[in-house]
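Contents: one structure, followed by commentary.
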């Protein structure tokens, strides 16, 4: 899973290797989509703690960026979160959540029955549509993801699993909403 995001000078390519490493390459905006540097390891953890489906965003009104990376746990897939002051900077875990969990079985509630076994491959609903991939910390965060229906997943081979879309909306203050500067 590859992810591009640009600041005011460079475009950065982020990706994971399904084995605990999060990589970053870069090129100038003028050279994009060509001329990417050799990827460097931006973060490394155990395989199950940093697996796949990374996505990175600029947090509007701040000098911060947010990276979400899918992890694997005993209750299914979930997303962890880190922030950095620059796209080529050091990524720090978001405070206040066990294993810096962003979205997973411990903090996602369903209306009606719990249909999704974990939270997999998703994307934030952004406040624009340009290369900066900005999110507004003053608005409730919304995350569109694929969920695996727990009642149906036992009947299929992996490639045929019945994923469907879900939308998570933050309903309480969190590490990102605390960055809102009204």
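Condition first: assigned to a strand (DSSP E or B) and free of Cβ contacts under 8 Å to residues at least 40 places away in the same chain. Now tell me which residues in segment 1-27 satisfy that. Across segment 1-27, the qualifying residues are 2, 13, 15, 21, 23, 25, 27. Selection of segment 110-124 for residues being in contact (Cβ under 8 Å) with a residue 60 or more places away in the chain and on the phi < 0 side of the Ramachandran plot yields 120, 122, 123, 124. Going through segment 81-112 one residue at a time, which ones are closer than 16 Å to residue 170 by Cα, outside any loop (DSSP other than H, G, I, E, B) and modelled with pLDDT under 95? Of everything in segment 81-112, those that are closer than 16 Å to residue 170 by Cα, outside any loop (DSSP other than H, G, I, E, B) and modelled with pLDDT under 95 turn out to be 100, 101, 102, 103.
Quick check on my filter: what residues within segment 28-51 are buried (at least 18 other Cβ atoms within 10 Å of the Cβ) and assigned to a strand (DSSP E or B)? The answer is 42, 43. For the residues 158, 163, the requirement of being more than 20 Å from residue 4 (Cβ to Cβ), over 17 Å from the mean Cα position of the chain (by Cα) and without any contact (Cβ under 8 Å) to a residue 12 or more places away in the chain singles out 158.
The values are calculated or read from the model by the stated rules, or taken from the named source; none is laboratory data. Because the structure is predicted, anything quoted here is derived from the model rather than measured. FYI the Cβ positions are ideal-geometry reconstructions off the backbone, even for glycines, and counts take in every protein chain you see.
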